[in-house]
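Note sheet for the following structure.
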Amino acid sequence: MKRKITVTICILIVVLLCLQLYRPAIKEQPVTSDINAPANVKAILKRACYDCHSNETNIRWYDQIAPAYWQVAADVNEGRAGLNFSEWDKLAAPDQKAKLWEAVNQINAGAMPLSNYTAVHPSAKLSAEDVAILKAYLKSTVKQPFTDTAKINAADKQFAQWSSGKLQLKNIPVALNGIAFMPDYKNWQALSTTDRYDNGTMRVILGNAIAVKALKEGNIKPWPNGAAFAKVAWASLEDKDGNITPGEFKQVEFMIKDADKYRDTKGWGFARFKTPAMVPYGKTAMFATECVNCHRPQANTDYVFTQPIKH
């Protein structure tokens, strides 16, 4: 019996050593810039985010052991692709603000840092005070002036063109990944709203019949094939009393579930059409990677941000 245990241990050691031979690369890259933020904000970001979202990755000795190392490498490479604080200067100012907004809101929602990361790196866990500091900083970067006459006139002009039929589409636009614009989204059911105060837009999330049925039945982990969402964005018009109304139409984004067809983007097809002309977003079909990277922290909810309210 003792000999069997010894043999088993030896076999396990050999297997473990063999696993170490497969080492996915974590590329060493220089730090070309960094976010310009107050010291307390940067300290929180460095502690909770920089291991996966910068070129200052600190891989501990226990992170080096496969198979755990494989997950570490995947998290770092995917994290840098979605947001890299060490290459902050590569983003235009509006994109910097948008990335920061996404990061803080994912932190606020509890989607970031990843739970499997904080389980092994408890120092990365954020307290309620940490989150409050990040939210306050994010809010301080946004200045929302009262709506001026130019914005009102632009919205009125767009509405006049729409009501006269001048904005009707002659052909159905198709995104670079093959997803066609779905004009019927206007008949879908409204599910939720969001406010992107970082870029002055308001959004309504709509779901098709399959999505609404799944939501009512609690069949959302995972969502069924055919479920689709549309997120429609308008400019926010704010008056002197703080009342918000929609202004110019900005864009509509689609998210369509097909576990097999869109396997490379976590089972979801993404498309975005901008302006009333519904111009497809992106320079190549790889734009969908940008979309799924934003949704990646929501893996536990099948990559969907919109969730039913818990009573």
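The values are calculated or read from the model by the stated rules, or taken from the named source; none is laboratory data. Remember, predicted model here, so these are calculated numbers, not experimental data. All Cβ positions, even for glycine, are placed from backbone atoms using ideal geometry, and neighbour counts span all protein chains on display.
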Practice problem: Filter segment 3-53 down to residues that are among the small types (Gly, Ala, Ser) and not in a helix (DSSP H, G or I) and give me whichever is surrounded by the most Cβ atoms within 10 Å (Cβ to Cβ). | Solution: Ala37
Quiz item: Of all residues in segment 260-273 being of a type outside the set (Phe, Trp, Tyr) and at pLDDT 95 or above, which is farthest from Gln158 (Cα to Cα)?
Solution: Asp260
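Within segment 293-308, does at least one residue satisfy the condition of being aromatic (Phe, Trp, Tyr), surrounded by 14 or more Cβ atoms within 10 Å (Cβ to Cβ), part of a helix (DSSP H, G or I) and on the phi < 0 side of the Ramachandran plot?
Step one: of segment 293-308, the residues aromatic (Phe, Trp, Tyr) are 303, 305.
Remaining after also requiring surrounded by 14 or more Cβ atoms within 10 Å (Cβ to Cβ): 303, 305.
Now restrict to residues that are part of a helix (DSSP H, G or I): none.
Within segment 293-308, none of the residues are aromatic (Phe, Trp, Tyr), surrounded by 14 or more Cβ atoms within 10 Å (Cβ to Cβ), part of a helix (DSSP H, G or I) and on the phi < 0 side of the Ramachandran plot.
Yes/no per residue for (1) part of a helix (DSSP H, G or I); (2) of a type in the set (Val, Ile, Thr); (3) in the same structural domain as Val41 (by TED's automatic domain parsing):
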residue: Leu100; (1), (2), (3): yes, no, yes
residue: Ile107; (1), (2), (3): yes, yes, yes
residue: Ala111; (1), (2), (3): no, no, yes
residue: Glu129; (1), (2), (3): yes, no, yes
residue: Lys135; (1), (2), (3): yes, no, yes
residue: Asn177; (1), (2), (3): no, no, no
Self-check item: Where a residue in segment 225-238 is free of Cβ contacts under 8 Å to residues at least 40 places away in the same chain and its partner, wherever it lies, is part of a strand (DSSP E or B) and of a type in the set (A, V, I, L, M), with Cβ under 6 Å and at least six apart
Solution: Lys231/Ile205; Trp234/Met202
Quiz item: Only one of (1) surrounded by fewer than 15 Cβ atoms within 10 Å (Cβ to Cβ); (2) closer than 22 Å to His295 by Cβ is not met by Lys139, so which one is it?
Solution: (2)
Quiz prompt | Residue match in segment 219-232 (condition: modelled with pLDDT under 90 and part of a strand (DSSP E or B)) | solution = no
Quiz item: Can you name every residue in segment 204-223 that is surrounded by fewer than 16 Cβ atoms within 10 Å (Cβ to Cβ), free of Cβ contacts under 8 Å to residues at least 40 places away in the same chain and in contact with a helix residue (DSSP H, G or I) (Cβ under 9 Å, 6 or more places away or on another chain)?
Solution: Asn219
Quiz prompt | Subset of segment 69-98 (residues that are assigned to a helix (DSSP H, G or I), exposed (fewer than 13 other Cβ atoms within 10 Å of the Cβ) and of a type outside the set (Lys, Arg)) | solution = Asp89, Ala93, Pro94, Asp95
